[in-house]
Amino acid sequence: MKIFIDPGHGGTNPGAIGVNGAVESEINLDVALRLGRILRQAGYTVDYSRTDDTTVSLSRRAMLANEWGADYFVSIHCNFNTNPVYTGCETFFYREGTVAQRFAIAVNNALAEETGLTNIGTFQANFAVLRLTSMPAILVELALLSNPSDAQQLSEASFRQRCAQGIANGIFDFAPV
Ligand SMILES: [Zn+2]
């Protein structure tokens, strides 16, 4: 089972900046590397769109996954909302009624369960990495960098590890090795 992990942003694009100064691209990469380690230990084959702080275009991220022949694509992000009360995890997929939608539900439920985050839900979205990938693809928004509590938790190594474990648990259930 080949899982392609896409840590959002990086390089010239830091993504969102938390209310506590946390940088989205760094959180995404750390959680992605933690997720990859968990999956490899469980016997999965893992590849990444980036493993350091470099700039990778959205189309290249999808192309790398397609050329590698990934079975599933998981993009890792943190969200930001103008309403600081908005909190929790949410996961996006490209089309309703697809394997990707069911994969998104499994991963988001497992993430919420492992972390204790509010389960905002799963939603359709026309994101380039979801549209351009040829395998079931999801984009996970771990939590809200605009929410003080979420941003604080996202800055802690132990919480990032639980995020990675939660996503891994969803993959274990939905796509057994
Ligand atoms: Zn992002």
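In this simple spin-label approximation, Thr118 and Glu156 carry label points 7 Å from Cα along the Cα→Cβ vector, and these lie 1.9 nm apart. GNM on the chain, alpha-carbon springs under 10 angstrom: the most fluctuating residue among Leu130, Leu145, Leu64 is Leu64. Of all DSSP beta bridges confined to region 2-174, the antiparallel ones make up roughly 20%. Within the chain, the longest run free of GluC sites (Glu not before Pro) that sit in a DSSP loop with at most 13 other Cβ atoms within 10 Å is 1-95. Top mean-square fluctuation among Ala100, Ala112, Ala128, Gaussian network model of the chain, C-alpha springs under 10 Å? Of Ala100, Ala112, Ala128, the most mobile in the Gaussian network model is Ala128. Apply the a/c threshold of 1.5 to the C-alpha gyration tensor of region 2-174 and tell me whether it is rounded, prolate or oblate. Cα axes put region 2-174 in the rounded bin. Stretching Glu96 away from Asn83 to a fully extended chain increases their span by 2.0 nm, per 0.36 nm per residue minus the current alpha-carbon distance.
Comparing Ser134, Ser49, Ser59 in a Gaussian network model of the chain where C-alpha atoms under 10 Å apart are linked, the largest mean-square fluctuation is found at Ser59.
A cut-off of 5 Å between modelled amide H atoms, ignoring neighbours fewer than 5 places along the same chain, links Ala143 with Asn79.
The 1.4 Å probe gives accessible areas that order Leu144, Leu29, largest first, as Leu29, Leu144.
Among Arg50, Arg131, Arg102, the sequence by solvent-accessible area, most first, with a 1.4 Å probe is Arg102, Arg131, Arg50. Shown in residue order for region 132-142 are the 3J(HN,Hα) couplings computed by the Karplus curve 6.51 cos²θ - 1.76 cosθ + 1.60 at θ = phi - 60°: 8, 8, 9, 10, x, 10, 10, 10, 9, 9, 4 Hz (x for Gly and Pro).
The values are calculated or read from the model by the stated rules, or taken from the named source; none is laboratory data. What you see is a predicted model, and the numbers here were worked out from it, not measured in a lab. Note that we place each Cβ from the backbone using ideal geometry, even for glycine, and neighbour counts take in every protein chain shown. These area figures cover heavy atoms from the full protein model, side chains too; ligands, DNA and RNA do not enter into them. Shrake-Rupley method; radii C 1.70, N 1.55, O 1.52, S 1.80 Å.
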